Amino acid sequence: GRVSIDDVSIPLEEGNVRLRQASFGEAIEIPIDNIFSGKVDGIMGLDVMLHSNHTGTPWITQLRTQKIISEEILSFSLYMPPNVLAKAGAIKVGDLVIGSIDYSRYHGDLTWKKLINPTKWSVFVERVAFGSESLCSEECEVELSTDNPLIVGPNSKVAAIYDKLQAQDIPGVTIKTVNCQDVATFPELKFTVNDVTVSIPPRDYITEATVGGIKFCYLSITCYEREQEERWILGSMAHHSLYIVYHMSQRYVGFAQATQTM
């Protein structure tokens, strides 16, 4: 891809907003399946604030300078209740709020962490656990990534999860399958942030699919191809359980447990 500068129009509820000489990323090559397997109108990059090797003013900064938004914040709530997801034709999968926080979409208080890497949405959390089993207990690096659907973890820690869930191999892929009848008994994946624990229940790390009339349950937790990686990546599946706020200008990430109602 490449970074370009041009006048752009952003559709908002209040109407189209025109930004002059805004910088944006152009994707030169995109796998066809990534576009046509889902219902999308296009791709909008959200992490331009983390990269300094370009010129021009990011679109979110222009929204603030034009007083359309007051803060350079992106907040995500991707949770959808099972009864909504089960409806045929349901296409809404959550909300992205630009410039503010939807306080109705989480409970408790937001807990904030400063980025540890200026080019990634990575923070240190105090603990990672799977049920009562500790997977990390000091300076656990967690990266937030909405363009990755999976939850990725260190190989040895993910192997322990596989063993606990009795996950089975699927020939030709790294994703594992589990017994659908056991899913309700699976533990939560927990992250402790500033002494506050947020959790991902099994419904948000298990994906159900029916192939040839047979229901399968896939584990959306996977490991790295390289053994030495020790950080966790929380992809879009994790954003179903968690309410995540990305503070672009202050370089902070806010965590809370998403409200499980709509």
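Taken over region 226-249, the criterion of being open to solvent by 10 Å² or more (accessible area, probe 1.4 Å), part of a loop (DSSP other than H, G, I, E, B) and in contact (Cβ under 8 Å) with a residue 40 or more places away in the chain is satisfied by E227, E229, E230, R231, S236, M237, S249. Applying the set (1) under 21 Å from Q257 (Cβ atoms); (2) out of contact with any Phe, Trp or Tyr (no Cβ under 8 Å at 6 or more places or on another chain); (3) surrounded by 13 or more Cβ atoms within 10 Å (Cβ to Cβ) to L110 leaves exactly one unmet item: (2).
For region 56-77, give me each residue that is part of a loop (DSSP other than H, G, I, E, B) and open to solvent by less than 50 Å² (accessible area, probe 1.4 Å). Those that are part of a loop (DSSP other than H, G, I, E, B) and open to solvent by less than 50 Å² (accessible area, probe 1.4 Å): G56, I69, E72. In the condition set (1) hydrophobic (A, V, I, L, M, F, W, C); (2) farther than 21 Å from V158 by Cβ; (3) in contact with a helix residue (DSSP H, G or I) (Cβ under 6 Å, 6 or more places away or on another chain), V245 is compliant with all but (3). In the condition set (1) without any contact (Cβ under 8 Å) to a residue 60 or more places away in the chain; (2) surrounded by fewer than 19 Cβ atoms within 10 Å (Cβ to Cβ), L135 is compliant with all but (2). With respect to T222, is the statement that it is assigned to a strand (DSSP E or B), open to solvent by 30 Å² or more (accessible area, probe 1.4 Å) and either farther than 30 Å from I73 by Cβ or among the β-branched types (V, I, T) (or both) true? No, not satisfied.
Being in contact with a Gly (Cβ under 9 Å, 6 or more places away or on another chain) and small (G, A, S), is that true of even one residue in region 217-230? Yes - at least one qualifying residue is present in region 217-230.
Counting the residues of region 250-262 that are surrounded by 15 or more Cβ atoms within 10 Å (Cβ to Cβ) and in contact with an Asp or Glu (Cβ under 9 Å, 6 or more places away or on another chain) gives 1. Residues considered: T197, T192. Of these, the only one that is open to solvent by 40 Å² or more (accessible area, probe 1.4 Å), within 23 Å of the chain's Cα centre (by Cα) and closer than 25 Å to W112 by Cα is T197.
Test V158 against the stated conditions and say whether it is under 30 Å from D102 (Cβ atoms), aliphatic (A, V, I, L, M) and out of contact with any helix residue (DSSP H, G or I) (no Cβ under 7 Å at 6 or more places or on another chain).
Values: under 30 Å from D102 (Cβ atoms): no; aliphatic (A, V, I, L, M): yes; out of contact with any helix residue (DSSP H, G or I) (no Cβ under 7 Å at 6 or more places or on another chain): yes.
Criteria not met by V158.
Any residue at all in region 205-213 that's open to solvent by 20 Å² or more (accessible area, probe 1.4 Å) and modelled with pLDDT of 90 or more? For region 205-213, residues open to solvent by 20 Å² or more (accessible area, probe 1.4 Å) and modelled with pLDDT of 90 or more: absent.
The values are calculated or read from the model by the stated rules, or taken from the named source; none is laboratory data. Values in this document were obtained by computation on a predicted structure and should not be read as measured data. Glycine gets a Cβ as well: all are built from the backbone with ideal geometry, and neighbour counts include every protein chain shown. Note: accessible area is taken over every heavy atom of the protein model, side chains too, but ligands, DNA and RNA are not part of it. Shrake-Rupley method; radii C 1.70, N 1.55, O 1.52, S 1.80 Å.
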